[in-house]
Amino acid sequence: MTTGEVRTMHVQELSTTDLIPCLTLAADREWPYEDRKWEFLLDVGQGYGIVDQSGDLVASTILTTSGDLAAISMVLVATKYARQGLGTRVVRHAVAQAGEATVHLHATSTGRPLYERLGFRSLTEVDARTGVLKAGPSRRTTVADQGDLAAILAFDAATFGVDRSNVLSGLFDFADRVRVVERDGELVGYASSWRPGTKMQSTILGPVIAVDPADARALIADLAADANGPIRVDIDNKHPELGQWLAEHGLEPVFRCDLMTLGGRPLPGDRQAIHAPFMQALG
């Protein structure tokens, strides 16, 4: 493929009908088979990709916008097109589509130089911790159902500073379990657990949103008990005490990334109450 031919390839929209090409592209870069995650993101967000002359999807990204907050995720370029500018092209396209929204993403050490060249700046480091949590259930939380969705959406909006109902309205269809903490009849915390792929056994815990850190630990402990196996929780460095608690109870860091925003803009809302994101792809 010549440089001229690469330049003629244009960015196009992706949808859930492009799930298989996205999974094929992910496999090319040795990403895990996260079919449930890809399908969810393509449903709640807008996918963008580049297809080559052979009809293969060779670059991708997904933009998920909630109010004035926009997340960029799933940035991939096929191995045979590495370092030919396709990653830059799809990210720039997504940024343009985000308009005036505050754009954020999670970047690995491999991807960070690309994002820095595009104007993203790191706000904090995030550790993905995995293992079997060696902590008994707290019995302070209760299992939630669809009837709790309105309260969850209101609490989430107050925490994030934006309405994320476009993402969270399908929470009970996507998540394996949702738990809440209530005090004096008011919801003061919620969290969910979910599996990124139909062939994967590990469970991701997120979001974990709570005003009180003790409630965050309780939500994690009870969801881990429900999972009855290995879990993953993504914790940034504004919650060192939670990271220490997880380490003391069997969860070890497996990789680190940076939470970045375009231009280093601050993120809205009460970030201290956000103990773990829904997923790094969404914040």
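The values are calculated or read from the model by the stated rules, or taken from the named source; none is laboratory data. Quick caveat, the model's predicted, so the values are computed rather than measured. Note that each Cβ is placed from the backbone with ideal geometry, even for glycine, and that neighbours are counted across all protein chains shown. Heads up: the accessible areas ignore ligands, DNA and RNA and are worked out on the full protein's heavy atoms, side chains in. Shrake-Rupley method; radii C 1.70, N 1.55, O 1.52, S 1.80 Å.
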Query raised in the report: Out of curiosity, is His106 touching a strand residue (DSSP E or B) at 6+ places or on another chain (Cβ under 6 Å), at pLDDT 95 or above, open to solvent by 20 Å² or more (accessible area, probe 1.4 Å) and within 16 Å of Ala281 (Cα to Cα)?
Result: yes
Requested in this report: Sort out which residues of the stretch 109-121 are hydrophobic (A, V, I, L, M, F, W, C), open to solvent by 20 Å² or more (accessible area, probe 1.4 Å) and touching a residue at least 60 places away in the same chain (Cβ under 8 Å), and write them in order of number.
Outcome: Leu118
Requested in this report: Report, by residue number, each residue of the stretch 251-274 that is part of a strand (DSSP E or B), of a type outside the set (D, E, K, R) and over 19 Å from Ser66 (Cβ atoms).
Outcome: Pro253, Val254, Phe255, Cys257
Query raised in the report: In the stretch 1-40, what residues are among the aliphatic types (A, V, I, L, M) and exposed (fewer than 13 other Cβ atoms within 10 Å of the Cβ)?
Result: Ile20, Ala27
Report summary line: Taking first residues from the stretch 195-218 that are within 13 Å of Leu242 (Cβ to Cβ) and open to solvent by less than 60 Å² (accessible area, probe 1.4 Å) and second residues anywhere that are assigned to a strand (DSSP E or B) and among the basic types (Lys, Arg), the pairs with Cβ under 8 Å that are 6 or more apart or on different chains are Leu205/Arg232
Query - Members of the stretch 122-156 that are closer than 12 Å to Tyr190 by Cα, open to solvent by less than 50 Å² (accessible area, probe 1.4 Å) and of a type in the set (Val, Ile, Thr) - result: Thr141, Ile152
Query - Among (1) open to solvent by 10 Å² or more (accessible area, probe 1.4 Å); (2) within 30 Å of Leu251 (Cα to Cα), the one test that Val167 misses - result: (1)
